[in-house]
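J.: The following block contains the structure, expressed as structure tokens.
Derivation of every value follows stated rules applied to the coordinates shown; laboratory data play no part. From a predicted model like this one, the values you see are computed outputs, not experimental measurements. Quick reminder, even Gly has a Cβ in these numbers, built from the backbone with ideal geometry, and neighbours come from all protein chains shown.
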Amino acid sequence: MELILDQDFSLPVLATVAWVGVFYIFWSVQALANPNSFDPSARFDYSNNLWAIADRTALNMSEQNVIFLTALWLHTLFVDAESLGSLACTLRHFDCFIRSYER
């Protein structure tokens, strides 16, 4: 396999920057959604639905972080930068909306 370096990397870079931005937004929402965030005994109190969704979404994103970004950049460098970059930018960020309808 050869690296394909003569292509436009703007979409995968945009997907990576968007991923990092959404990652920090999710972690901020998780911290702010729990009214008892400084009480260690209330850490797993999921009676507040906003807190439950924010917590699960932030944790899911951090669990998928390494796999998603590694797959994105391996596909970008060895296959095609444009197709996966646009797909990643579009689809990945719908997770929070999909999870909000599950509850």
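J.: So, in nm, how far is label Gln7 from label Leu50 when the simple model puts each one 7 Å beyond its Cα toward the Cβ?
T.: Label-label distance for Gln7 and Leu50, simple model: 4.2 nm.
J.: Kindly provide the GluC sites (Glu not before Pro) of the range 1-85 that DSSP labels as loop, not H, G, I, E or B, and whose Cβ sees at most 15 other Cβ atoms within 10 Å.
T.: Sites meeting the loop and neighbour criteria: Glu2.
J.: Of all alpha-carbon pairs in the range 19-65, indicate the percentage at a distance above 18 angstrom.
T.: Counting pairs separated by more than 18 Å, the tail of P(r) holds 24 percent.
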